[in-house]
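Here the structure is laid out as structure tokens; the discussion comes afterwards.
The values are calculated or read from the model by the stated rules, or taken from the named source; none is laboratory data. Fair warning: this is a prediction, and the values are worked out from it, not measured in the lab. Cβ coordinates were reconstructed from backbone atoms using ideal geometry, including for glycine residues, and neighbour counts include every protein chain displayed. With ligands, DNA and RNA removed, areas are computed over all heavy atoms of the protein, side chains included. Shrake-Rupley method; radii C 1.70, N 1.55, O 1.52, S 1.80 Å.
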Amino acid sequence: MYIGRFAPSPTGPLHLGSIMIAIASFLEAKVNNGLWHLKIDDLDHFRVKQEYINQIKEQLLELNLSWDGEIIFQSKRIANYNFFLHKIESLRRTYICTCSRKKILTNSEPGIDGGIYPGTCRHKNNTRKKNHAIRVLTNKEIVALNDGLQGHYEQDIEEQIGDFIIKRSDNIVSYQLAVIVDDYLDKTTHILRGADLLESTPRQIYLQKILSLPQINYIHLPTLNIAGRKLSKSNGDDLMYKNDPKKIWLTVLKFLDQKIPPKNLTLNEIIEFAIKNWCVKNIKSKRFIDIDDYIHTS
Ligand code: GLU
Ligand code: ZN
């Protein structure tokens with residue numbers, strides 16, 4: 001059984017890029033007669049707001065994107081995350097890191113996802129302090145995946161990322177660990193998300209292997225770029241077509257090179273058409289979709 005999910009972080013309302021991910025993951029689940037879960041990635045309580053959670057639900061429902069089952073909240077799973085954290089610790093694959101952010105910044109080479117951690121604390125045998133982070137030991141093994149859109153992608157995590165954090169110094173479990181625990185608990189079989197997370201995926205597979213958790217199928221969709229910059233919560237607002245869900249659906253289908261429905265359909269008919277004609281392989285761009293052309297002509 002296909003089980004997919006959409007996992008927004010409620011640090012703002014959904015922008016068009018995240019709506020595109022919601023629509024695409026929904027369509028992919030429907031085409032495969034699967035389930036589509038909604039998971040709220042609300043671990044970072046410094047940035048999360050309840051009003052954004054409400055807004056996200058409203059935005060999805062306005063687009064007729066209704067999820068299966070109860071909404072899943074990361075904030076209710078702290079005990080699960082700690083269980084798996086302790087499991088990795090008991091396998092002696094972790095160490096305590098007491099480096100300050102500043103120290104890491106000055107000591108590390110720039111990498112594909114921030115600075116490459118130089119392993120400063122690897123052999124220090126640090127004892128627990130109030131604000132320590134926990135890192136997982138990496139090794140020479142190359143971690144690879146076969147992405148449904150990006151194709152073969154591989155990483156030497158030790159060299160390109162370094163030993164990475166699984167519990168932050170503010171005591172919050174890292175996204176990398178939380179996400180694999182979630183997908184295990186939710187029996188997720190397929191993940192469709194933005195290509196900005198492609199570089200994270202080998203770390204997630206690495207943790208799954210350490211914990212002997214099942215592997216998942218991935219499709220990483222290009223992110224939307226506006227004037228050469230990634231679309232974010234602070235730009236591209238004019239593209240939200242408020243109260244016009246049909247226009248949002250049609251725009252997203254256009255961005256994703258899908259067959260465009262005939263004119264004058266209702267929202268439900270557009271969605272039916274989109275499900276019937278959905279094909280991931282149609283997507284021409286890989287890492288980014290430049291949307292400037294679309295904005296100025298529509
Ligand atoms: N919450 C993450 C984000 O919005 C997505 C996590 C995921 O799909 O794995 O970037
Ligand atoms: Zn350190």
Out of all the residues in the range 8-20, which are surrounded by fewer than 20 Cβ atoms within 10 Å (Cβ to Cβ) and of a type in the set (S, T, Y)?
S9, T11
When every residue in the range 21-73 that is over 20 Å from G194 (Cα atoms), within 16 Å of ligand 1 (Cβ to nearest atom) and among the charged types (D, E, K, R) is compared, the one most open to solvent (accessible area, probe 1.4 Å) is R47
Residue satisfying condition, being surrounded by fewer than 17 Cβ atoms within 10 Å (Cβ to Cβ) and touching a strand residue (DSSP E or B) at 6+ places or on another chain (Cβ under 9 Å), within set K167, K209:
K209
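Table: residues versus (1) assigned to a helix (DSSP H, G or I); (2) of a type in the set (A, V, I, L, M).
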residue	(1), (2)
Q155	no, no
N171	no, no
A178	yes, yes
V181	yes, yes
T188	no, no
R193	no, no
T201	yes, no
If you scan the range 114-142, which residues turn out to be touching a Ser or Thr at 6+ places or on another chain (Cβ under 7 Å) and either in contact (Cβ under 8 Å) with a residue 60 or more places away in the chain or within 16 Å of ligand 1 (Cβ to nearest atom) (or both)?
V136
Contact list please: Cβ distance under 8 Å, first residue in the range 1-15 and at pLDDT 95 or above, second residue near ligand 1 (Cβ under 8 Å from one of its atoms) and assigned to a loop (DSSP other than H, G, I, E, B), pairs at least six apart or on different chains.
A7/D41; P8/D41; S9/D41; P10/D41
Any chance the range 104-118 includes a residue that's in a loop (DSSP other than H, G, I, E, B) and either closer than 20 Å to L213 by Cβ or aliphatic (A, V, I, L, M) (or both)?
no
